[in-house]
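The values are calculated or read from the model by the stated rules, or taken from the named source; none is laboratory data. The structure presented is a predicted model; accordingly, all values stated were derived computationally and were not measured. Here the Cβ is made from the backbone with ideal geometry for all residues, glycine too, and neighbour counts use every protein chain on show. For accessibility, only protein heavy atoms count, side chains too; no ligands or nucleic acids. Shrake-Rupley method; radii C 1.70, N 1.55, O 1.52, S 1.80 Å.
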Amino acid sequence: MTGYEVCRTLKARPDTAEFPIIFLTALTEMENLTEGFQAGGVDFLSKPVHPEELLAHVKTHLELYQARKAIQQHAELLEQRVAERTAELQEANRQLRENIAERKQAEDQLRITKEYAENLIETANAIVIGMDRDGNVTVFNRTAEKITGYTRSEMLNRNWFEVIVPKD
């Protein structure tokens with residue numbers, strides 16, 4: 001096998017595909033360098049090689065390999081966190097939509113109940129006068145208007161006790 005074939009074989013295997021491959025060669029023509037890089041090589045050293053130079057290149061490419069692995073692991077961790085956070089946000093969004101639907105249903109029920117109560121109060125054959133804590137009139141139905149002679153607009157927000165016991 002040529003060095004290029006060995007490189008292609010190593011790059012084709014999942015367990016060695018990421019290893020940095022440095023070519024040691026006496027060939028320095030551009031076509032040889034290009035073929036080596038296309039095969040998956042990361043560097044070329046021309047023979048004769050000084051051991052210190054070879055060691056420096058090996059050390060550099062191993063550090064680059066380790067840095068790429070660390071970046072890849074960090075990216076995978078970030079992707080996992082994004083997926084977890086996305087799931088949390090989707091669940092929160094689902095709960096929020098559910099809460100909104102429940103609230104709308106409760107508001108609709110309250111509106112219906114309020115309309116029903118207002119209709120009962122308005123059509124009752126009895127005087128219905130509602131007051132707040134201070135005695136200010138908040139409800140004054142038709143029967144109350146007929147019997148007292150006061151209109152609703154005259155009585156609403158007026159103090160009932162001042163009406164029945166004038167301060168003259």
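What is the percent carbon and sulfur in the accessible area of the chain, measuring with a 1.4 Å probe over the protein chains and ignoring ligands?
Summing carbon and sulfur atoms, their accessible area is 56 percent of the total for the chain.
Rolling a 1.4 angstrom probe over the protein heavy atoms, how many square angstrom per residue are accessible across the chain?
Per-residue accessible area for the chain comes out at 78 Å².
List residues of the range 16-36, by number, whose backbone nitrogen lies under 12 Å from a label position 7 Å along Cα→C-beta of Arg8.
35-36
Using unit Cβ charges (K, R positive; D, E negative) and no other charged atoms, how large, in debye to the nearest 20, is the dipole of the range 29-168 about its Cα centre?
Numbers: 18 positive and 25 negative charges, 174 e Å.
Here the range 29-168 has a charge dipole of around 840 debye.
At a probe size of 1.4 Å, how large is the accessible area of Thr28, to the nearest 10 Å²?
We get 90 Å² for Thr28.
In square nanometres and to one decimal, what's the mean projected area of the convex hull around the Cα atoms of the range 63-136?
9.4
Kindly state, to the nearest 0.05, the FRET efficiency for Ala70 paired with Glu102, given R0 = 41 Å and r defined as their beta-carbon distance. Provide the component values of the computation, followed by the final result.
Numbers: r = 48 Å, r/R0 = 1.16.
For Ala70 and Glu102, the calculated efficiency is 0.30.
How much mean residue ellipticity at 222 nm does the chain get from its helices, if each DSSP H run of length 4 or more adds -39500 (n - 2.57) and you divide by all residues, to the nearest 500 deg cm²/dmol?
-22000 deg cm²/dmol
Excluding ligands and nucleic acids, what accessible area in Å² is computed for Ile129 using a 1.4 Å probe, to the nearest 10?
Ile129 exposes around 50 Å² with every protein chain in place.
Helix 3-12 against the longest principal axis of the chain: what's the angle in degrees, Cα atoms only, rounded to the nearest 10?
20
Given the protein chains as shown and a 1.4 Å probe, how many square angstrom of Phe44 are accessible, to the nearest 10?
Approximately 40 Å² of Phe44 is accessible to the 1.4 Å probe.
Stick to the Cα atoms of the range 1-132, pair each with every other, and give me the Kirkwood hydrodynamic radius in Å at one decimal.
Numbers: mean 1/r = 0.0456 Å⁻¹.
Result for the range 1-132 stands at 22.0 Å.
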